[in-house]
Every structure is written in structure tokens, then in C-alpha cells.
Amino acid sequence: MLSFLARRVLWMAVTLWAVSLASFFIISLPPGDYVSTLQAEAESRGELMSTAQLSALRSRYGLDQPFLAQYWKWISNIIFHGDFGQAFAWNSRPVSDLIWDRVGLSFFLSVSTLLFVWAIAFPIGIFSAVRQYSPGDYVATFFGFFGMAVPEFLLALVFMWAGMRFFGQSPGGLFSPEYQDAAWNLGKLLDLAGHLWLPILIIGLSGTAGLIRITRANLLDELYKPYVVAARARGMPEWKLLLKYPVRMSLSPFFSTVGWLLPGLISGETIISIVMSLPTTGPLLLSGVENQDMYLVGSFILILSTLTVIGTLVSDLALAWWDPRIRHRYEGG
Amino acid sequence: MNLDRTSSPAQRGVLDRRTLLRAGGGLLVAASLSGCGFFDTEPEGIAATGGAKGKEAPALKKLVDAGKLPKVAERLPGTPLKLSPLEKTGVYGGTWHSAMITQEDVMWLRYSMGYEPLVSWAPDWQGMTKTKMLPNVCEKYEVKGGGKEFVFTLRRGLKWSDGKPVTTDDFAFAFNDYNIDPDLHQDGVYGLWLSRSGKPARFEAVDQHTVRYVYEEPKPGFLEEIAGTSGVVMFLPAHYLGQFHPKHGRSAEALAKKAGLASWIDYMPLRADCWANPDLPTLNAWVARNEVGKGSSLVAERNPYYWKVDPDGSQLPYIDKVVVENIQDVEVEVLKVTNGDLDMQLTHFGTIRNKPVIARNRQKGGYRLIEVRSALANTMIIGFNQTHPDAKKRKLFANKDFRIGLSHAIDRQKIIDTIYGGQGTPWQCGPAEGDELYDRELGSQYTEYSAARANEYLDRAGFTRRNGDGTRLTRDGDPLSFTVLVVSDQPDQVDALDLIRTDWQKVGVKANIQRLAETLYWERVEAGESEGATWQGSSFDVRTGEGGNHYYLPSNPRGSSRFGGQWAKWYTRGGKAGERPPARVREQLELFDRMRLTFDSAQALGLAKQILEITKEEFYYIGISTPPAEYGIVRNNVHNVPEEFSAAVAHQAPGPSNPSTYFISGRA
């Protein structure tokens, strides 16, 4: 187990290095850079930036250096000083400042959504498997696929419009205008809760379908295995039998999705956050990409991939803990 | 619970990271930390709009009575600036809710809350040279030596928002240690601060209340830039910012390192920006309480030391607080407007496409529409590259008859009706009506839709032969065709170009349309590779910078690269690069040089008119139509807001209309 861990960590470092290099390369691929974005903006306002100003900006941000030099400047600062560089579009504020500022809400949203998805998908998946091809199975499947098929941003806009039209709720953001600047009290708390369920529902809906189908398929595989038949033959109560053996076996997907939680903290469901004006990390990432804000986007991708890799490790470990078959395979080899 | 708690720092309603974590860690934790009055369900900490009136806001009066703030007479300068509100004097209280689209929309903050220049524009915009200029932060100003010398008299007793006096030191700091500091501007100081020789202007504190800027030659546009270009800084709180400059504060570098920045050079601009640094003392009517981008909105509160009063001598601003919500998507702004969530808003949502929705919900949302006159000169212009590397193409595009023929072939009214909601009139690239440089002939020449005329001009240009499908042939026998580049982010131009292509086909000219992402578009156009390219047209700028001038003459390589990039290169590099333009264009550039050195604005305007005469003759761009007016909204219970604004960048609306005199009363 220890050697497995050591091997995994070593490969993680290599993967991260490759990913960071590749992503930094991809960001710099499109023609132009942050300064040309600035210039185009000035141009569209009918203003003008002189060539001296432009080259001054380029050298200030180090954009006139070759790709590898820019990459080295960035990655070495991270490794040796923990400094993620500066966000150009943010008046050169430190990237790390900007990112961690928004992680709180992203974290809350991700965890709540995951819990929501589990709470919905788990019972429905079991129900669908046990009552395969029943009307209930079809209805559950329909809603699962519906949530997956309809784009999230559309759902968000429709929900927001409906909330405004029929319930007089103020669209977007986390608070109604009257609470926007109010001090914390029960009213404000209720107001926050009144706004947060919507993104959770919308983001969650799209994730449930997959999990429902996986649970259903896994459970169906198990349901007709001889050990289940044998237990049933011994006269074990049906629901107890179900929960104790096959359901346990079909739970693996829940553990493999734990790993997705970590990157979710940072990526923060970008599109929903933009549509609903939530101050998560997602919109920041998008605007960074639009501005070709290399250090901001590069840092995002680096942190994202780090979290993905760590998350995968965590879910592998959780899975090994949960499922003896996996654990013993490693002990054997 | 309508207690006013404006000055208590614990009442920061902004959702910062800590509160978010609290919310994340369990809503109850947040509950237990939030202190008294928790089980109230009414919004707390919001000031009443009780219609109070007096010499100062009730909340400030309470602080004065408690001995926490000096008396209002001591906070105001000796001669406070007296403003006459547009409709009537107002009452204290209320919150102005508005919105910005992403945290990068700092412009809206500057225009709505941060317009406090040394000299300011009068509220009604009549163009750069005709709009009156009023003393604002300074008590009076003088121009001497034919425009070489600018003298400003400060208001005695004027104070920063932290109560410290504004002195000539603050002007010296802004000029010497900020604007022309060689470390802060390692690759060149902004041209406004320099004489033509490249040496910085001379700054002098004449006495305790007078400052003077002296240039080697007349500096046209100096006052206009102060009044109208965001980002030009004339004064900074030296007592506060000194600590971040190594010349004044010994720990400047350490402070920057502590903030996570490489050096004080990076830190200073952040500290000197009142939207990024809530600690910065300002002269604004409302002072930001949180950093922009932190939390879901920017909140600003009244400046207790604000230095303007209404005719009754009551200290402004009337409105207690401004909350600018940070929205990521314009559609959400539209929803919020229709829901009546925003009190006064001018930007982003006001397009033709949204107008029916916004107008239909006026009653429900309790607001009215206000007009925002477009600052643009044209919805869409098409430029043909007269310095194209291929000699044959260049000859084709330089043929004026060819361009006139194409212009006559366009059914502009159809484009206006189908794409711009029937708003606008057919127009070439020329200053629009109401502009000081408005020229009917320049705007309307060759706009008549006539296939006969188009054919006549194209025949005259030498393309009389046609092939089997009716396409005209060049002298070499090739079909007459070219490619027009358009930016895919501008759907109205893409659609319009499609209609134009059909129109051109009718007179035997084949156009290919290429849609490009904006960056790629500029790569091609700037490299001089474009044949035809579209954009929108701007007005000619007589006074400041070089703004929209490149639409009218090849004054800068990037802007004018659609029609004459090589000529502009020749002009800006002193003839060392690019290509010598034809005689008439050279004449135009000489006039332009003279205009840029003419301080007297009437004379400069005369020169500008001569420049536009040549533009008329040269006919660089084919234009489509005058831009439709945009609009903003004001809730019905918000008063003293003008019914009309100009969107001219230099005017910085709504700044000059004195938002500090806006007030809220009653229900919308």
C-alpha cells in the first residue's frame, strides 16, 4: 500500500508538470495577448493607446519574452515562493488573492450540490433497479435525462424568470436588494437560503441522471447474483437483504465521485455562476480566459489539475477502503 | 429596526470571504456571530428615507452630537461649491441601487460616483469645444501665456474624506511622485504631462492655495483631458500615499512585499485607486467601503467631508449609500431593471433589442426611460485598403468611382428597418447631427440608393464587361470580387453585411464575407492584409488625444489600417517607414499637425473643418446609418436626474449631472 502511494505521488508530480506546461502553452496560442485585448477595448471606445504605451505594458507584464521564459518565471515563482503572479486585468492584483477570495462560496456550492445529487440519485437509482421497467422507473429515468439534456444556463434563466414573474423574487445574486447591504440577521439568512437552493437545484439536476443510471446498472448486475439468491432463500427480509449486500456493492460510484468534489471547488460551475451572478471562482476563470490573462488562467488550471489529481487519489483510497476486492488486489501485487 | 448605523464598521453588509466561510461552515455559525437583533426579519442597518432636511444628514448629525465628528461648518470648506439641483432641493436618505457588468466595469463607478475632476464639464454636452467648463475641485482657474501656463486656485478648507486638509502637497505628490515618476513609468510618461521636447511640465506651488503647470509651448487639450478623461490624476492624498512611495516612506518596499506584490511600483497604482483600496481618502461624494470584486457588490457611503452644498446650504450628497451589484450577465441586468431593482442605470442593457421588454415593464418596475445619445458617428463603416500590398488590388480600392458605385448600390433604409429597428438615417462616416463638426454634405453624399447610379459609377471605373452570370470583369478578365472582414462579436454588422452583399451582387460585384474573432481580425487588418473591413464609426476629436481621428485621416497605424495603414505609418514614423501618401492626404496630415498645436479651440475647430473637407473629398469609408439612441432608466421616485445624457466618452455621463444632488423620496 505504501509503495502504491509513493508511486502515485511521484506520477502526480510529473502529470502536474506536464499539465501546467501544456495549459500555459494553450493559453498563449491564440494571436495577441492581454495588451491587445486592452488595445481593442480602448479602440472600441474611440480611444487610442500609443505604441510606446503598448510596449511598456508588454514589458511590464513580461509578455515580450519568449514562451519558455514566461513559463519559467511563472512556475518557478509558484514553486519557490508560492507566488502565482499577477492578474493583469485586475490592476495586477496577486492572483492568489483573487482566487482564494472566492473559494468559500464555490466550496459551499460544490458540497451542497454533491449532497443534493447523492440524496436524489441514490434512492431513485435503487428504486429504478428494483422496479426495473416499471412506470416509476420510466418517470425517474425521464427526469434524470431531462435534467441532463436541458442546458444549465437555460434552466437557470427560466427559473429566474419564473421566480421573478410568479414569486416576485429578485433575480440573480445571493440577496434581494433590501438585504444586499443589510447586517446579518435571520431575515438575511433566510434570504440567502431563498437564493441558494436554486443554483444547487440547477447544477444538481444535470448530475443526477448519470449517477442514477450507474447505480441502477450496478445494482442490476448484483441483484441476480447467486449470493443474493442464496440470502433470499434463507428467508432474509427483502429490504434488509437489499441494503446489506447488493446496494453496498453498487455504491462504488459514489466513492469515485468524491474525487470530483475537489476540482469542483475551484471551477465553481462557471456558467451557472455567470447567469446567476454568484461570486464564485467560475466567472473569474472565464474573464481570465477572455482577457488572455495568462497568470490567472494558468494558475487556475494548475490548481484545478492539482485538485483533480489529489481528488482522484482520495477517491481511489476511499474506494480501496470501501471495497475489499480492490484493496486486496494491491496487497497481492 | 431603522437605526442608522452607517459608521459602525461591524455593519459591513458586504459578503466577504469570512462571512462566506461562515455561511459555508453552517448557517447557524453565522447566526451566532451576527449579534443582536438576529431574530428580526426586516433588513437591518438600512437608513430610513424619512425625508429629513437640514444642514447635514441626520446620521452625521448624530455623530456630531456624540462628539465623534466635527461640526458641519468645520467640515465644509470656506466656500463650498453651491450646486443648484435640476428640479428641486432634496431630502436626505435612501440607497441608490445600480449594477456593473463584471468587476471590470469600473467605468460605471468612476462615472456615477467618482467624477470629481479639478475642472468639470457643464451638465449638458454640446461637443468638446462648446461645452462649458466649470471649476470643480479648484475654486477658479486661469490659462496664461496663450495656453502654456495653467494656474489653479484651491478651495480654502477643503478636506479629504478622512478629514485631513487638501494642500498643494497633494498636487505636488500627484504630479512629481505619481504622474512623472520615472520608476512608476519606466517606459515613458503619459504625453499630457510632457512638453513637445519630451521634458515634463514644470509644477509649482505658487503659494499655499495656488498651483501652476508650465509647458514650453501651448498645450491644447490640457483642460479637456482633466475634465473628460478618466484616469488623469491631478491630486492625491500625500499624507496617506506617501507611505507607499520610497521617497517618502521608508517601508514602502516592505509594505508591497507584505501585500504579495513584487515591488512598490506594482503596489502604488493599486493603493492610489479608490475602487481597489477602500482606505484611500477621496473627494468623492460617496466613499467605497469594500474593494471592487470582493463580495457580490460594491458599497459606498456618504463622505462626511463632502464639499458641495445645495442652495439652502445643506451638505450634499442627499443619498446615503450606493450599492453597485456585480452582475456577470447582461440578461440578468435586464431582468433586474424590469423588476424595478435598479434605481438609476445607464449602461449595457440599453440596446434596441431590449427596448420592447424594458418599455413594457415601466409600470410594473416603477421606472421611466431616459435617452442616452450615442457618441458614435455610424453603426457600420466599410473601409477598403488603399495601401494593400498587391498593386492591382490597391489600384482597385483606390478608385473613388468604384467606392462611390458600391455606396450607391446599398439599400440603407432596408438595413435600418430590419436591423436597427427603424432608428437612424442613411449616413456616411461623418460626425452626427448635434456634433460641433456636423456636416450634412459629408454625411449624406452618395447615400442615395440607386442601382442606376451605382452601375454608372462602376462603368466609369472601367468595369463594363461582364461574364455569364452578370459579374463585372476587371481589365484582366477576372471577376470583380473582394473579401470583407467582419468581427463575429458584432452580429448586427454580420447581418447588415449579408444584406449588402446581395445589393452588390445586383450591380455585378461579388463580395465574400469572412467572419473573424476580434483578435484575428486585428492581426489581419493591422498587418495590412485586409481588402475590405468593417467597424463602427466614431466622431472626430478636436481637443484631446487622438481618439476617433483615425476615422477621418490616416493619423495612427492601427486605427486607420482599414483604409491606409501604410500612410499612417509614414506619418507617425516621420517618413522613415510606410508609404508616402498622395498630396491631398499629406495636406490633411499637415492641417492635423497644426490643429494639435492650436490652443484656441475656435481656431482648432476651424482647422478640423478643413481636415473634414478633405475627408469628404477622399471618401475613405462607406458608412451605413446614424446610430440609434440608447437609453437608461430612472425609478420614478429618484429626482434631479436629467431626461437626456450624452454617451460621449469624454463627457463621462452621468458624472457632470451631479449625482450628489439626486435624491429619493416616496414610492416608485
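If you go through the range B:162-180 and keep only what is without any contact (Cβ under 8 Å) to a residue 24 or more places away in the chain and over 26 Å from the mean Cα position of the chain (by Cα), you end up with just B:P165.
Scanning the range B:102-133 for residues that are among the aliphatic types (A, V, I, L, M), under 15 Å from the mean Cα position of the chain (by Cα) and buried (at least 18 other Cβ atoms within 10 Å of the Cβ) yields B:V106, B:L109, B:M113, B:M128.
Looking at the range B:406-432, which of its residues are in contact with a Phe, Trp or Tyr (Cβ under 9 Å, 6 or more places away or on another chain) and in a loop (DSSP other than H, G, I, E, B)? Once the filter is applied, which keeps residues that are in contact with a Phe, Trp or Tyr (Cβ under 9 Å, 6 or more places away or on another chain) and in a loop (DSSP other than H, G, I, E, B), the range B:406-432 yields B:A409, B:I410, B:D411, B:Q428, B:C429, B:G430, B:P431, B:A432. Selection of the range B:544-575 for residues being without any contact (Cβ under 8 Å) to a residue 12 or more places away in the chain and on the phi > 0 side of the Ramachandran plot yields B:G574, B:G575. Determine whether A:A183 is under 30 Å from B:D320 (Cα atoms), aliphatic (A, V, I, L, M) and crowded, with 17+ Cβ neighbours inside 10 Å. Yes: the conditions hold for A:A183. Of the set (1) surrounded by fewer than 22 Cβ atoms within 10 Å (Cβ to Cβ); (2) part of a loop (DSSP other than H, G, I, E, B); (3) touching a residue at least 40 places away in the same chain (Cβ under 8 Å); (4) not aliphatic (A, V, I, L, M), all apply to B:N455 but (2).
Looking only at residues in the range B:311-348 that are part of a helix (DSSP H, G or I) and over 24 Å from the mean Cα position of the chain (by Cα), the one that is nearest to the other protein chains (Cβ to nearest Cβ) is B:L335. In the range B:268-279, what residues are at pLDDT 90 or above and under 16 Å from B:G249 (Cα atoms)? Those that are at pLDDT 90 or above and under 16 Å from B:G249 (Cα atoms): B:M268, B:R271, B:A272. Considering only the range A:162-170, I want to know if a residue exists there that is more than 28 Å from the chain's Cα centre (by Cα), within 12 Å of chain B (Cβ to nearest Cβ) and assigned to a loop (DSSP other than H, G, I, E, B). Scanning the range A:162-170 turns up at least one residue that is more than 28 Å from the chain's Cα centre (by Cα), within 12 Å of chain B (Cβ to nearest Cβ) and assigned to a loop (DSSP other than H, G, I, E, B).
Screening the range A:8-50 for residues that are part of a helix (DSSP H, G or I) and of a type in the set (D, E, K, R) and picking the one that is modelled with the lowest pLDDT gives A:E43. Among the numbered conditions (1) loosely packed, with under 14 Cβ neighbours inside 10 Å; (2) closer than 17 Å to B:G405 by Cα, the only one that B:L497 does not meet is (1).
Taking the range B:642-668 as the range and being over 30 Å from B:R412 (Cβ atoms) and within 19 Å of the chain's Cα centre (by Cα) as the test, the residues that pass are B:P642, B:Q652, B:P654, B:G655, B:P656, B:S657, B:N658, B:P659. Residues to consider are B:P218, B:P165; find the one that is touching a Lys or Arg at 6+ places or on another chain (Cβ under 6 Å) and closer than 27 Å to B:L69 by Cβ. B:P165 is the lone residue from the list that is touching a Lys or Arg at 6+ places or on another chain (Cβ under 6 Å) and closer than 27 Å to B:L69 by Cβ. Selection of the range B:290-310 for residues being basic (K, R) and more than 13 Å from every other protein chain (Cβ to nearest Cβ) yields B:R302, B:K308.
Listed by position, the strands (runs of 3 or more DSSP E) contained in the range B:192-305 that have at least 3 residues being of a type outside the set (V, I, T) and under 30 Å from B:L60 (Cα atoms) are B:297-302. Residues considered: B:G508, B:G477, B:G468. Of these, the only one that is out of contact with any helix residue (DSSP H, G or I) (no Cβ under 8 Å at 6 or more places or on another chain), on the phi > 0 side of the Ramachandran plot and not in a strand (DSSP E or B) is B:G477.
If the condition is being buried (at least 19 other Cβ atoms within 10 Å of the Cβ), within 13 Å of A:P94 (Cβ to Cβ) and either more than 14 Å from chain A (Cβ to nearest Cβ) or small (G, A, S) (or both), then the range B:249-268 contributes only B:A256.
Which pairs turn up if I take residues in the range B:80-104 that are within 21 Å of B:Q345 (Cα to Cα) and touching a residue at least 40 places away in the same chain (Cβ under 8 Å) and look for partners that are among the β-branched types (V, I, T) and surrounded by fewer than 19 Cβ atoms within 10 Å (Cβ to Cβ) with beta carbon separation below 7 Å, at least 6 apart in sequence or on another chain? Sorted first by the residue in the range B:80-104, then by its partner, the pairs are B:I101/B:V330.
In summary, A:L155 fulfils each of the numbered conditions (1) closer than 18 Å to A:V275 by Cβ; (2) within 12 Å of chain B (Cβ to nearest Cβ); (3) not acidic (D, E) with the single exception of condition (2).
Okay, residues lined up against (1) under 15 Å from B:A398 (Cα atoms); (2) modelled with pLDDT under 90; (3) crowded, with 24+ Cβ neighbours inside 10 Å; (4) among the charged types (D, E, K, R):
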site	(1), (2), (3), (4)
B:T534	no, no, yes, no
B:S539	no, yes, yes, no
B:H550	no, no, yes, no
B:P557	no, yes, no, no
B:S561	yes, no, yes, no
B:G564	yes, no, yes, no
B:W567	yes, no, yes, no
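Scanning the range A:118-146 for residues that are surrounded by fewer than 18 Cβ atoms within 10 Å (Cβ to Cβ), small (G, A, S) and assigned to a helix (DSSP H, G or I) yields A:A119, A:G136.
For A:I212, the stated conditions do not hold, so it cannot be described as surrounded by fewer than 22 Cβ atoms within 10 Å (Cβ to Cβ) and either touching a Pro at 6+ places or on another chain (Cβ under 8 Å) or more than 17 Å from A:L109 (Cβ to Cβ) (or both). Within the group B:A59, B:A73, B:A99, B:A66, which residue is modelled with pLDDT of 90 or more, under 30 Å from the mean Cα position of the chain (by Cα) and hydrophobic (A, V, I, L, M, F, W, C)? Of the residues listed, the single one that is modelled with pLDDT of 90 or more, under 30 Å from the mean Cα position of the chain (by Cα) and hydrophobic (A, V, I, L, M, F, W, C) is B:A99.
Going by the conditions given, is B:D312 within 30 Å of A:M160 (Cα to Cα), touching a Ser or Thr at 6+ places or on another chain (Cβ under 9 Å), touching a residue at least 40 places away in the same chain (Cβ under 8 Å) and surrounded by fewer than 23 Cβ atoms within 10 Å (Cβ to Cβ)? Considered against the rule, which asks whether it is within 30 Å of A:M160 (Cα to Cα), touching a Ser or Thr at 6+ places or on another chain (Cβ under 9 Å), touching a residue at least 40 places away in the same chain (Cβ under 8 Å) and surrounded by fewer than 23 Cβ atoms within 10 Å (Cβ to Cβ), B:D312 comes out as no.
The values are calculated or read from the model by the stated rules, or taken from the named source; none is laboratory data. Note that the coordinates shown come from a computational prediction; the quantities given were computed from them, not determined experimentally. Please note: Cβ atoms are built from the backbone with ideal geometry, for glycine as well, and neighbour counts cover all protein chains shown.
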